[in-house]
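Colleague: This is the structure I want to talk about, given as structure tokens.
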Amino acid sequence: MALKQLRHDTLALDGGAPVRSELLPYGRQSIDDADVNAVVQVLRSSHLTCGPAVGAFEERFAAVVGSQHAVAVSSGTAALHAAYHALGIGPGDEVLVPAITFAATANAVLYTGANPIFCDVDRDTLLIDPKSAESRITKKTKAIAPVDYAGQPCDYAEQRALADSHGLSLIEDACHSLGGSYQGKKVGSFADCTAFSFHPVKMITTGEGGMVTTNDSETARRLRQFRSHGISTSFQDREKSTTYEYEMTDLGFNYRLTDIQCALGMSQLCKLDEWTNRRRELALRYDEALKSSKMFSPLETKAQRVHGRHLYVIRIKLETCSVDRLTLFRALRAEGIAVNVHYAPVHLHPYYRNRLGTEAGLCPVAEYEARRIFSIPIFPAMTNEDLDDVLHALNKVELAFLR
Ligand SMILES: *Cc1c(COP(=O)(O)O)cnc(C)c1O
């Protein structure tokens, strides 16, 4: 259904009938009976944590994304923290991050004692701009952490070349892009460490949870140790060798993922391909319909990659719109469509301004683009009728607010 085919009716904001009575979320998990049964089975077993479901989930995950190792942790944020730590990032170091991302990409750099350095983004994709990143490299720079914003993998040939030419580690924040690929290879094996999130709005869920993948066995060992207090042997190792002895050789955290969560993750992973396909199908319908919009346009999708489609982000052509974004946001919410904004530039949050002195002007493209984006609903269980409701609501606001 193209936007222009819809007729003009009164906005719900002005007292008209809303497109939907029940709010359509921008993202939502899918849970089926197999997921429930997998969790119940662990609940009835002897190990709720540190048991066999953890290794089983890790092995399956590594096989699905094509990496040598996968280490399960308690969140995507923990995955980033563990990855930075395992790659040796610490006090005094600098890590390049894009200005448009979820705060955790930068926050986890601070956890290690290093500082995030905010880089500008590409105008068309909102992915980290390699030129901006290169211009911010100093003697202190140890790593670059690109984010696969909205699910679109960055150009990892380019990122790798940049990292190698300056001796930097490469950490991929793939919290949006599980299921995506670049040059025919799955997201999860391009960087020195790749971090995933299993929060309910992400591609698969374990409630809270995360994973780090790597192809380096020493990095994998450091990741495992870090997620369990910095202790060098696991509970399972000690059981096997009938010993109570262990040594703590590093300062770690309790970032473990439970067997209950891993069983859920394992069951969810079976549906990843089907869900990625459905997300892409929905995105294609949006792409098609938005061609006839005068007020909204999608972000650009680059060649040579499969976009994971975690988010469907649209831009307001500000010059065509007679109201501000907050009014559009409220109008769409009133129609029953839960739009959202991903994200305000991280360096403009009060915490970063106070701590690092980052101010407006640091990343002009990010700052301009962030003012005119919002995310419209996309998730695997969304029906074509749901999608038509979104288009109907967009059409209503476009007709009402077109200059
Ligand atoms: C969700 C997300 C994270 C953090 O993941 P959690 O599992 O919520 O801790 C990090 N980076 C990005 C880009 C994210 O979207």
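The values are calculated or read from the model by the stated rules, or taken from the named source; none is laboratory data. The model shown is predicted, which means the values in this text are computed figures rather than measured ones. Cβ sites come from the backbone with ideal geometry, for glycine too, and all protein chains shown count toward neighbours. These area figures cover heavy atoms from the full protein model, side chains too; ligands, DNA and RNA do not enter into them. Shrake-Rupley method; radii C 1.70, N 1.55, O 1.52, S 1.80 Å.
Colleague: Select from region 353-394 the residues that are surrounded by fewer than 21 Cβ atoms within 10 Å (Cβ to Cβ) and aromatic (Phe, Trp, Tyr) and write down the one among them that is farthest from ASP122 (Cα to Cα).
Modeller: Within region 353-394, the match that is farthest from ASP122 (Cα to Cα) is PHE374.
Colleague: OK, next. Does region 191-205 hold any residues that are more than 9 Å from the ligand (Cβ to nearest atom) and either open to solvent by 30 Å² or more (accessible area, probe 1.4 Å) or outside any loop (DSSP other than H, G, I, E, B) (or both), and which are they?
Modeller: Taking region 191-205 as the starting set, the residues that turn out to be more than 9 Å from the ligand (Cβ to nearest atom) are 191-194, 200, 203-205.
ASP192, CYS193, THR194, PRO200 - these are the residues of region 191-205 that are more than 9 Å from the ligand (Cβ to nearest atom) and either open to solvent by 30 Å² or more (accessible area, probe 1.4 Å) or outside any loop (DSSP other than H, G, I, E, B) (or both).
Colleague: Would you tally the residues in region 132-141 being in contact (Cβ under 8 Å) with a residue 12 or more places away in the chain and either part of a helix (DSSP H, G or I) or under 12 Å from SER165 (Cα atoms) (or both)?
Modeller: Adding up the residues that qualify gives 4.
A quick yes/no check of all residues on (1) open to solvent by 50 Å² or more (accessible area, probe 1.4 Å); (2) among the acidic types (Asp, Glu):
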{"residue": "GLY209", "(1), (2)": "no, no"}
{"residue": "PHE226", "(1), (2)": "no, no"}
{"residue": "ARG256", "(1), (2)": "yes, no"}
{"residue": "ILE260", "(1), (2)": "no, no"}
{"residue": "PHE296", "(1), (2)": "no, no"}
{"residue": "GLU300", "(1), (2)": "yes, yes"}
{"residue": "GLN304", "(1), (2)": "yes, no"}
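Colleague: Now a separate question. Write out, first by first residue and then by second, each pair whose Cβ atoms fall under 7 Å of each other, whose residues are 6+ apart or on separate chains, and whose first residue, in region 64-88, is at positive phi while the second is more than 9 Å from the ligand (Cβ to nearest atom) and open to solvent by less than 10 Å² (accessible area, probe 1.4 Å).
Modeller: Filtered contacts from region 64-88: GLY66/GLY188.
Colleague: Return only the number of the condition from (1) β-branched (Val, Ile, Thr); (2) away from the ligand (no atom under 11 Å from the Cβ); (3) modelled with pLDDT of 95 or more that THR233 does not satisfy.
Modeller: For THR233, the failing item is (3).
Colleague: Shifting gears a bit: Does any residue of region 335-347 turn out to be under 30 Å from PRO18 (Cα atoms), in contact (Cβ under 8 Å) with a residue 24 or more places away in the chain, open to solvent by 10 Å² or more (accessible area, probe 1.4 Å) and touching a Lys or Arg at 6+ places or on another chain (Cβ under 7 Å)?
Modeller: So far as region 335-347 goes, no, none of its residues is under 30 Å from PRO18 (Cα atoms), in contact (Cβ under 8 Å) with a residue 24 or more places away in the chain, open to solvent by 10 Å² or more (accessible area, probe 1.4 Å) and touching a Lys or Arg at 6+ places or on another chain (Cβ under 7 Å).
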